[in-house]
Every structure is written in structure tokens, then in C-alpha cells.
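One structure below.
The values are calculated or read from the model by the stated rules, or taken from the named source; none is laboratory data. This is a predicted model, so every value here is computed, not measured. Heads up, the Cβs are rebuilt from the backbone with ideal geometry, glycines too, and the neighbour counts pull from every protein chain shown.
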């Protein structure tokens, strides 16, 4: 059958006809092959226009219809329906040509516009005859709706959906619903209290059984299509369960404070908080961020932030309790820990890191070990032998005991403590402290057997036969490493480890007059300083690299220097000089620093011929220790590494012998106390699992995918914080301390400890001191909760994500953030609000403390259009500022007295809503000064008086006024994450950055994504009445879908011609929706039409031409190309 | 050559660049009428055949318009278009079609101004470049003119 085409060109009033000679186009179309009727008409989209098409179809037996008018995005649906009513399949019959947006409106010259129209009409006429009959698929609609954003728009939409009996999921990313409206004080022009009209909505969404409220939750992913969306939600961990009663007991004990976001940082809140008293849900939330760097850098995983906070508030016992959860030797670590936490402390980026180690010591010295709570556990009848009572052995014993196991420590020496006792000198670690802490560990039920040496008194085999269920080897590294130089065995060469052990335990004063210590580590420093105290007259340290590379702690090096120890750096020992087998000196060679070695430090390179001799009578090498494994190997073949340490599994710490574990120096080689403790914790976990026969848990953990690293979310560094010097302990004067072993460091005073702890930024948010857990009578707090994913099925989505207020800080001329009494509108709202920082009083801010408010202002300037109607920021009008500025003027007069001077600097007053103009008149009559013009600058004098300089454009004069307070009426901006939301939901953003509605007038709540609707200020600046109206509109759209229950999905999707497909499967990889499946039997690819969205990725690539997109086939597009280019 | 009016075919994605063209219209931004638009659902749908067909039919330029990377309505169709255009440019060069005749531009729905700028710039560039060797009409006109002036 030959085609019979009807052609229609629309005048669109004059919108098209003023540039395009429509009659000429109609005449051209009439001459086109197959066209049987060609008309021009004033308004094709009008009823008569559509009827024209319908009647022509019948009268002229039309098979095809082409309409040249506006964009198909506007009226394609309209004309398709007209064709359908005329009895034609609209996809087969209809094509639309855009001669308005792409023609008359963008072409200035009439001839050109007409010619362009003629060519694109020709393309349309050629294309239409190739179109196929298509039938849209129908799908059922899930009657649930999703509302994103819990402001007034979202709440209203959810309530409307719920009240019609359908279910609404209301997702709000903040802990409470309410949004900006609930932050405000009064709503113009009626001045009703927003809380009074807003909180009932909040309660309604909290209580309505048809509203599934998801607060503190974000939409993570959206898939599917209209009627059948699958949405993944991320319920952020709140750490407070639903049985929270909102009693506020928790926040009373919480030591951590941050500015409250809800009050735009005008007042403080705790880390566990409720945004404001009327929040819905009434359920506290804990502000947890990325774990603080001090916690993550502690090898033992101590809750550093927690105990620092406890010191801050003077709760030293809880500080100690927190420390004891990971460190069984708090006083020891408070003295000797190399404190990696302090290097990572972010306060160091401001002034100086917190004196964390000193604070730990302070807590340990000022709280009682006996009061540290021990978990109530059942006794487990499993015995663990722990060989060695050094820090790792004590750790393993203490924490296994806390789990109910029965540990027994075997110690070769007479007293427990290992290196802590024999290696660390008493002036650093008084034995009384060590005794006290070991006694505490033993008091929990740990058995100790001293004078029991492995290999001599017992063996691994004998332990097993004695009935021990597991064995731990924590024998340390006590054997000195040799220097391998000539005459090393001479009298007067005493290695550091035995030297220190003897001096520590017996104090014989064995140092000779002139001592040389070889090495640059902490052991070397200890040996040097002990030598000073043990009778040496001169002590020198010889180190082969420079001081920068020295592994010893800085404070130890300094301490040694203060005590008169001389340092020879970049010097290496070459030979011991002897006389009668007694040391008389050491020959050294000078070094230069070469390239870095494996440790990252620069390698020392000897300088030929630079040898010289240092006279001395005692040499103490302190260049390292190794493990004495012989006693173990005596009866048990155990695997050792090349360094002679025990080979262990890095996760389970199990040696090559099942049931025998090792950690500490015996595994790592000489390391720090805290590293030993870290190893101990791993062993505790492993032994527990071993004894419970759960070792396979390690395999599962190894298999589990590693946590995805997310960006750090620390509490930001404080801006403009006062620089505070680091707290310093008192030290005994070097001249005094040189002659005894008394503790050198006297520790911090209470005042300096607390003030230093107060510097802590609380990087991780909540400090996890767990005081709230003890305080909560409902037992609602659980610090271990994780984010929870939830997948929901919905049929329609409303986006009501609102706006961000503009930050005026970059507008330096207004001094916001610099001058105390320059406020933003939102800050002023919080001042005026009864739940705000001043409980509703309008007060000036204290010049020194931004969180303090003083007395009411006598004069106020209100600046309109801050960032709105400003080509440097936003060209659009924010539509609400004029009115709330009037409201502020009224509130100031009302609350601060009618003599308060209020100046409004405006550009134009836009009081367009119902009752708005009347409100304007009323406020004017209250004596508010209106000045038409923009303010150029605000300056502040030393008394905090603001000078506002502006122009009065009505009188043409400059005005300069002095005021107590200035309020900036800032613009409404698109949300900073609008781009992400746009991509997630497949909607568009307009040139102003707000979400784009489908049509500015006729489809103000729809988006190009079918089934996704907009409500409120996310679509553009709006006041409350407009927002509510739009929310109701969006709800109606959702309800229309849900009520109908069936949705038509456009049939323009891909299909693969089974006769042509060669089964190459390239399309399968290209399809972004995995909509193509491979039919093995027929060796062809097939499109799943329920999943395909018709993007054409497959069609654009298919090498055989089998894949096509319906309505965009090669023939159709070729015809259009031909039409554009060929006569 | 000054009166040479290049013929440009625009394959615009429905969601971004086609919408931008609508916005240019509603904003009354005028630009040269040389460009004629064919609506595609996605730039990733533009089969290389369509581009070749356009040049064979005498187009002086082809402009493919898509969403900015990351903004594609169909996740990543625009990136497929980008790879395809890169390949196609190489092939067209072999057949004497200057690479500056095939443009791929990301123009978001809100960028009506950019659409006007790109359309204007492309028209100007192609005027400078002269007709495509396959634009038989324009070449014939030139030939006639040349013979007249000679």
C-alpha cells in the first residue's frame, strides 16, 4: 500500500510564523511524494489542531502524520495520542519536526529560518514512511513510593501518599526530619511559629504506619524503571537503638563537644546528641567519624582519644579503665612508650601534638588499678603456659585471664618483668611502678612461677605432659649481637644488655672511668645514662650515622646530652685497642652517608684513612640483641627465621608446632614495649580460638574482602584556634639526677594535663569512652553497630532534597566570619528560635567568644540579595529573602524594642505572594527604614560597632550608618551534592544548578526520568507555601501511578534480529544494564525487553547489523540523513 | 569562498545535547542555521555508518553531542561514542575527510549557550576549511565560479 502522508505546520501563535514562512513550507510539503494533505494552523497543539489531524486521518485515509512545531520533548505525546485516536499506531504513523526551538527561535534571518525548516521537514517526511508499528509494553506498578529528603516538602509528600493508603518510604540523611523550615523561627507573612506548624508534620511522618521513616539514611543506588524501581538504602550506623527514650542522660556524661549543625554552629552539642529537642525520631545519634589517627597509630589499638578525653574531664579512673582494655601496663607505657600516636596527632598541624604519653602516665598515677572493672566471665578450665614475664607474656596472661582462661607464667629470673626490669633503667621506670602493675595482673588470678628457666627446669614437652592446653613463647631477645671487630673479647668490653641487667638488679656501680657506648638506639642511650650514674667520669656515644638517623627517642638523646654524654656521630668502631688484654681505647673510622638502604636510612660509608683512637677503659656495645632459641630447640624442633627468631603465621602467631604460639621480641627481634603488647593481643585472640577449636575463623577473615578504603572524615581542624604550647612535665635537674637512679620525669601537673587534653580536636568524633553506655538505663547504646544496607522496591520516587544556604565567607567586603556581629539569615533564625543558642532572644555575639551572646542590638542592618541577583554568584532571585528580611525587621522591633533602628538594604522588594504585600506595608508602618541600594562594605571598629557603607539609589547618595548587628540574606543554592543525586536518579540539572523539571510550566514536578518527581527547593528557590503545593503535586503524580497500577513503557528498545546475529556476543559486554543474554542453543544473543532501556550501545556497535533500536533503525536514520542532505 | 555555507548534521543525545538545543531555543540564542539536528536517544547509539552516510551524502561536517562523562543517562553510552569517534576519525582521514569535520562535544542539558558557541564555531571552522571533497554540489559551484572568473 502506498503511503498517504498528512503534514501540519504550526504557527505557534507567531512563535514559528514570525520567522518561518509556514505557508511556503506547507506548500513545499504538499509537493512531496506521498503527501496527500499539507496544512498550516495557528495552534496545532490545541483541541481544534488535534481534531484536524484526527479528522484528516479518517477523511484522507492517512497512514502517516508529520507535525512541524515545537520540540518533540514538549508535544510528541500530544500528537501521538491524536494519531492513536485517529486509529493509527502512533509509533508507526507519527513523526515530529522541531521548527521552533531548533528553527524560528534560533535563526534571525527569515529566509534562513524558512530554508532550515524546509530541510528538516524534508528529513521528517522521508523518515516517517520507514517507521514500524510498535506496541508499548505494560508493567505493573509497585504501589510504594520513595520520598528522598525529610524537609517540609518530603514530609508533606509522604503524608499525602500515606493518607491515601499507599506506603511511602521517607529517607532523610540527617538524624532528624524537619529540614530548613524547622530551623526557622517564624514563617512570613502570618508569623506563625514554624515549630507549631512543622512539628505536627514531623510527628505524623514518625507515627503514620504507612510512612516508613528512614532517618540518618541515604540512597545509595537506584535501578529499574518507572513502576519498578529497586533502591538500595544505606542506614547509617546511629549507635543508638530504637528503644532510646530521649532522656538525655547520655549526652550529660559525654565529654566530647562539637558545634551543633542544626544551630548552624551557634551552640555546642555533645558527640551523642539530638539535633534539637523536638527532633523526630526522638532517638539520639553518635557522631562517629574516621577512627582518630592516634588510635590507628597505636600498635596495641589503645583508645587514645578516649582516655585523653577522660583526663580532660578529670575522670582518671575511666581513663585508666580505657587504657587497661588494651594495655595491661599503663604506668610503664606512660613512661617508656615511643608514642607513635603523638607523631600522628592532628593537633600537631595546628600547634603541637597532645602530650599523649604524659597524659597516660598521669591517668595511671592518679587512678586505682584495683578499681579497674574485670569482666564477669565464666571460668574456663583450660591452662595456658606462658614462658617469659616480659610485656608480651604479661599481656597474654592478663587478657587470657580476663576471658576466663587459666594462665601460668614461667619466668627464668627471680623477679618478673623481663626487659622492663632488666633492660629499662630505674630512672626511667621505677621498679615500684612495675611491681604494682604486675601485682595487679597477678591479682586477677594469673599464676607466676619465677626461677623457672626453659630448657633447664622445664621444656615444651614437659609442659604438654603437665597438662597445659596451649603454650606461649614470649622469651624475648636477650643475647647481645657481636660487633665482629678485633679484640672484642677483651676485659672491659661489656655488652649493654648484661651491663644494664646487672646495674638494674644489683646496682654494683660497675662503670669504669671513661666509657664508650657503641650504638644509637634506646638501649645505647640507657647504657650511656646508666654509666653516668654508675661511676663513669666521661661517657661517649659512638654512632655510625648522623643524629637524624638515630633510632633512639628524641627525649632520651636530649636527656643523655643534658647529663653530659658526648656524641660522636658518623663514626664506626674498627678495633678495640688493648694493653694486657684490657681496653685502653677504641679505634674508630669516620663515615659519610651514602644512598639509603632497605630501612630507608642512609647507609654509612667509611672514609678511607680517617681512623683515629678514642681513649677509654670500658666499651659497651649496644648494637642489638637476638633470640636465644637453644633452650627451645633442645627437645622440640621448631622453625626459625634467618634472623634466629621464631617463624610464626602472621595472623595466628602460631609457630611451626601446633598449639605453641610466640610473639614479642622473640618474633620481631628487639622492638618496643607497645609492639610486644600488640603481638600479645593477636596471640590472645589466637589462643582463645585455638582452645575453642575455632581456628578456621582466621581463614574466613583472610578470605573476606578487604574493607573499601573511604576518604577520611575527621573532624576538621579548628580554624583560628589559639596556639597553645605543649604541656611539659617537670624534670629533675641534670646536675642532681646524674648521681642517682631516681625517676627523672616527674610527670604533668593536674592543671597542665587537663589543659593539654582540652587541646584534643577529637578527630574521630565520639571518643568511645563508653560512659554513655553505663549511663543509659534503657540499654539503648551499642558502639559496635555497622551501617546497614536495605533494598526496597518502589514504583515512584519524589526527590525533595532541598537547598544549601550560600556561605558568604568569600565575600570579604561583608566581613562574615571575621566580625562577630555579622550574621547569616539562618544564624539569625536560630537566635530567634526558642530552641536556639539564646532561647529566642535576639542578642549580640560576644566579641571574643563566638558561642556567647550578650545584649540586644540597638541598631541592625539587613542586607538583601547576598549572592542572589548577582552575576558573580547567582543570577536568579532566591524568592524568599525580601519577605524574611521584613520578618526579621518585625521580630527585631518586637523583641528588642520599638526604638531599635532597622535598616533594610534592598534592590527591589518582591512581595508577590498572598498577604505578602500587606505584610510589607505593615512592617514599613512599624518604622523600618528601607534603603534601595546594595551595601558596598562592612567594617568593624574595636568596640565591635559595624560601619555599613552603601548607596541609596533613590536619593543618589552614599549612606554610611553605624549598627550593632548586620544580617546577610544569603541565596538559596543547589545542594553541593546535586550532581551525585542527578546521576543516581537519572534526572537533569538546569543552568542554575537546580534540578530541571520536565517542562517549566506544564510539567513542573516531573523529570525526564519517568516515575521520578521533584518537590520543593531542590527544583528552584521556593517559599514554604509553594514548596508544600509542589510536594502535594508530586505526591499526586506518585498516587496516579500507584492507583492506576499499570504503566506503559516506551517501546523504543533494542532487539536483535535472530536471522542476522552471528553470536559474537560483543553486545553483551557493551550493554550497561546486562539486558542481553546469550542463547547457547541457537548461538545468538537476545534482548531481555524488561531490562533494556534502549540506549543503543549494542546497535551502534553490532558488526553484523543484527542489533537495532526500535524507532531508530538504520533505515529510519538513513532516511533522515538523506532528507537533510539530498533533494 | 565566503558565500560557502557548510552543511552540518548534528546527532544529539535526547537527554543532554538535544535538550540543550531546546534550551538555546527557549533562551532565543541565535546561531547559524547550517546545523540540522537528528535526535538520537544516546550518543552511544550513533552508529559509525550514520557518520559515513552523512559524509557520503555531502555533509561538510558532523557534530555528535552527548552528555558529559559521568552524566550519561545510560551510564556510559557517551564513553562508547568517544571511542567510536576516535576510531572513526582515523578511518575518515584515510578517505580524505579532514579530521576537523567530525566533532564530538559534551553539551549538558543546561548548556544552551555552549550549544550556540559550538554550532557557531563549527560553522566558522568549516567555512574556513571549505567544502568536503564529497560535497559535490559545492564543488561544482566552485568549479563553475572558477571557470567564470578565469
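Step by step: first the residues of region A:66-86, then only those that are closer than 23 Å to residue B:25 by Cβ and not in a helix (DSSP H, G or I), then the one that is nearest to the other protein chains (Cβ to nearest Cβ). Which residue is that?
So, considering only residues that are closer than 23 Å to residue B:25 by Cβ and not in a helix (DSSP H, G or I), the one nearest to the other protein chains (Cβ to nearest Cβ) is A:71.
Looking only at residues that are part of a loop (DSSP other than H, G, I, E, B) and closer than 21 Å to residue A:653 by Cβ in region A:443-470, which one is nearest to the chain's Cα centre (by Cα)?
A:446
Regarding region A:668-680, can at least one residue be identified that is closer than 28 Å to residue A:626 by Cα, touching a strand residue (DSSP E or B) at 6+ places or on another chain (Cβ under 9 Å), modelled with pLDDT under 95 and part of a loop (DSSP other than H, G, I, E, B)?
Yes; the residues of region A:668-680 include at least one that is closer than 28 Å to residue A:626 by Cα, touching a strand residue (DSSP E or B) at 6+ places or on another chain (Cβ under 9 Å), modelled with pLDDT under 95 and part of a loop (DSSP other than H, G, I, E, B).
Specify the residue that is surrounded by the fewest Cβ atoms within 10 Å (Cβ to Cβ); the eligible residues are those in region A:13-50 that are in contact with a helix residue (DSSP H, G or I) (Cβ under 7 Å, 6 or more places away or on another chain) and assigned to a helix (DSSP H, G or I).
Only one residue tops the list, namely A:24.
If you go through region A:274-315 one residue at a time, how many are buried (at least 20 other Cβ atoms within 10 Å of the Cβ) and part of a helix (DSSP H, G or I)?
12
How many residues does region B:49-76 hold that are touching a strand residue (DSSP E or B) at 6+ places or on another chain (Cβ under 7 Å) and at the interface with another protein chain (Cβ under 7 Å from one of its Cβ atoms)?
The total comes to 3.
In this structure, does residue A:270 turn out to be farther than 30 Å from residue A:821 by Cβ and within 20 Å of the chain's Cα centre (by Cα)?
No.
Within region A:467-485, restricting attention to residues that are out of contact with any strand residue (DSSP E or B) (no Cβ under 7 Å at 6 or more places or on another chain) and either in contact (Cβ under 8 Å) with a residue 24 or more places away in the chain or within 21 Å of residue A:676 (Cβ to Cβ) (or both), which residue is surrounded by the fewest Cβ atoms within 10 Å (Cβ to Cβ)?
Only one residue fits best here, namely A:482.
Conditions tested, residue by residue: (1) closer than 30 Å to residue A:757 by Cα; (2) over 42 Å from the mean Cα position of the chain (by Cα); (3) outside any loop (DSSP other than H, G, I, E, B).
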{"position": "A:367", "(1), (2), (3)": "yes, no, no"}
{"position": "A:370", "(1), (2), (3)": "yes, no, yes"}
{"position": "A:377", "(1), (2), (3)": "no, no, no"}
{"position": "A:381", "(1), (2), (3)": "no, yes, no"}
{"position": "A:393", "(1), (2), (3)": "no, no, yes"}
{"position": "A:397", "(1), (2), (3)": "no, no, yes"}
{"position": "A:409", "(1), (2), (3)": "no, yes, yes"}
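Can you tell me which residue among B:142, B:135 is more than 10 Å from chain A (Cβ to nearest Cβ), over 15 Å from residue B:15 (Cα atoms), at pLDDT below 95 and out of contact with any strand residue (DSSP E or B) (no Cβ under 7 Å at 6 or more places or on another chain)?
Residue meeting the stated conditions: B:142.
Would you tally the residues in region A:1048-1072 being in contact with a strand residue (DSSP E or B) (Cβ under 8 Å, 6 or more places away or on another chain) and within 24 Å of residue A:91 (Cβ to Cβ)?
12
Only one of (1) touching a residue at least 24 places away in the same chain (Cβ under 8 Å); (2) surrounded by fewer than 16 Cβ atoms within 10 Å (Cβ to Cβ); (3) in a loop (DSSP other than H, G, I, E, B) fails for residue A:599. Which number is that?
The one condition residue A:599 does not meet is (1).
Being away from every other protein chain (no Cβ under 14 Å), in contact with a strand residue (DSSP E or B) (Cβ under 9 Å, 6 or more places away or on another chain) and touching a residue at least 40 places away in the same chain (Cβ under 8 Å): is that true of residue A:89 here?
The answer is no for residue A:89.
I'd like to check something: does region A:779-787 contain any residue that is outside any loop (DSSP other than H, G, I, E, B), in contact with a helix residue (DSSP H, G or I) (Cβ under 7 Å, 6 or more places away or on another chain) and either at pLDDT 95 or above or buried (at least 23 other Cβ atoms within 10 Å of the Cβ) (or both)?
Yes: region A:779-787 contains one or more residues that are outside any loop (DSSP other than H, G, I, E, B), in contact with a helix residue (DSSP H, G or I) (Cβ under 7 Å, 6 or more places away or on another chain) and either at pLDDT 95 or above or buried (at least 23 other Cβ atoms within 10 Å of the Cβ) (or both).
Would you confirm whether any residue within region A:139-151 is in contact with a strand residue (DSSP E or B) (Cβ under 7 Å, 6 or more places away or on another chain), within 30 Å of residue B:29 (Cβ to Cβ) and either in a strand (DSSP E or B) or within 14 Å of chain B (Cβ to nearest Cβ) (or both)?
So far as region A:139-151 goes, no, none of its residues is in contact with a strand residue (DSSP E or B) (Cβ under 7 Å, 6 or more places away or on another chain), within 30 Å of residue B:29 (Cβ to Cβ) and either in a strand (DSSP E or B) or within 14 Å of chain B (Cβ to nearest Cβ) (or both).
Suppose the filter is surrounded by fewer than 23 Cβ atoms within 10 Å (Cβ to Cβ), assigned to a loop (DSSP other than H, G, I, E, B), at pLDDT 95 or above and over 24 Å from the mean Cα position of the chain (by Cα); does residue A:793 pass it?
Taking the combined requirement at face value, the residue does not satisfy it.
Could you check region B:49-83 and list, in sequence order, the residues that are under 15 Å from the mean Cα position of the chain (by Cα), assigned to a helix (DSSP H, G or I) and either crowded, with 16+ Cβ neighbours inside 10 Å or without any contact (Cβ under 8 Å) to a residue 24 or more places away in the chain (or both)?
Correct list: B:49, B:50, B:51, B:52, B:53, B:54, B:55, B:81, B:82.
Does residue A:532 satisfy the condition of being in a helix (DSSP H, G or I), more than 23 Å from residue A:669 (Cβ to Cβ) and touching a residue at least 24 places away in the same chain (Cβ under 8 Å)?
When the stated conditions are applied, residue A:532 passes them.
Do we find a residue being modelled with pLDDT of 95 or more, within 39 Å of the chain's Cα centre (by Cα) and over 30 Å from residue A:842 (Cα atoms) anywhere in region A:113-129?
no
In region B:10-48, which residue that is facing chain A (nearest Cβ under 7 Å) and within 19 Å of residue B:129 (Cβ to Cβ) is surrounded by the most Cβ atoms within 10 Å (Cβ to Cβ)?
Looking at residues that are facing chain A (nearest Cβ under 7 Å) and within 19 Å of residue B:129 (Cβ to Cβ), I get B:33.
Kindly provide the set of residues from region A:698-753 that are assigned to a helix (DSSP H, G or I) and more than 30 Å from residue A:685 (Cβ to Cβ), ordered by number.
Once the filter is applied, which keeps residues that are assigned to a helix (DSSP H, G or I) and more than 30 Å from residue A:685 (Cβ to Cβ), region A:698-753 yields A:734, A:735, A:736, A:737, A:750, A:751, A:752, A:753.
Of everything in region A:99-124, what is facing another protein chain (nearest Cβ under 9 Å), in a helix (DSSP H, G or I) and more than 20 Å from residue A:75 (Cα to Cα)? Give them in sequence order.
Within region A:99-124, A:112, A:113, A:115, A:116, A:119 meet the criteria.
Could you say whether any residue in region A:1094-1115 is modelled with pLDDT under 95, surrounded by fewer than 17 Cβ atoms within 10 Å (Cβ to Cβ) and either away from chain B (no Cβ under 12 Å) or closer than 30 Å to residue A:800 by Cα (or both)?
Within region A:1094-1115, one or more residues are modelled with pLDDT under 95, surrounded by fewer than 17 Cβ atoms within 10 Å (Cβ to Cβ) and either away from chain B (no Cβ under 12 Å) or closer than 30 Å to residue A:800 by Cα (or both).
Quick one: in region A:541-560, which of the residues that are in a helix (DSSP H, G or I) and touching a helix residue (DSSP H, G or I) at 6+ places or on another chain (Cβ under 6 Å) is surrounded by the most Cβ atoms within 10 Å (Cβ to Cβ)?
Here the residue is A:560.
Condition first: within 14 Å of chain A (Cβ to nearest Cβ), farther than 27 Å from residue B:32 by Cβ, free of Cβ contacts under 8 Å to residues at least 40 places away in the same chain and in contact with a helix residue (DSSP H, G or I) (Cβ under 9 Å, 6 or more places away or on another chain). Can you find one or more residues in region B:90-100 that meet it?
Within region B:90-100, not a single residue is within 14 Å of chain A (Cβ to nearest Cβ), farther than 27 Å from residue B:32 by Cβ, free of Cβ contacts under 8 Å to residues at least 40 places away in the same chain and in contact with a helix residue (DSSP H, G or I) (Cβ under 9 Å, 6 or more places away or on another chain).
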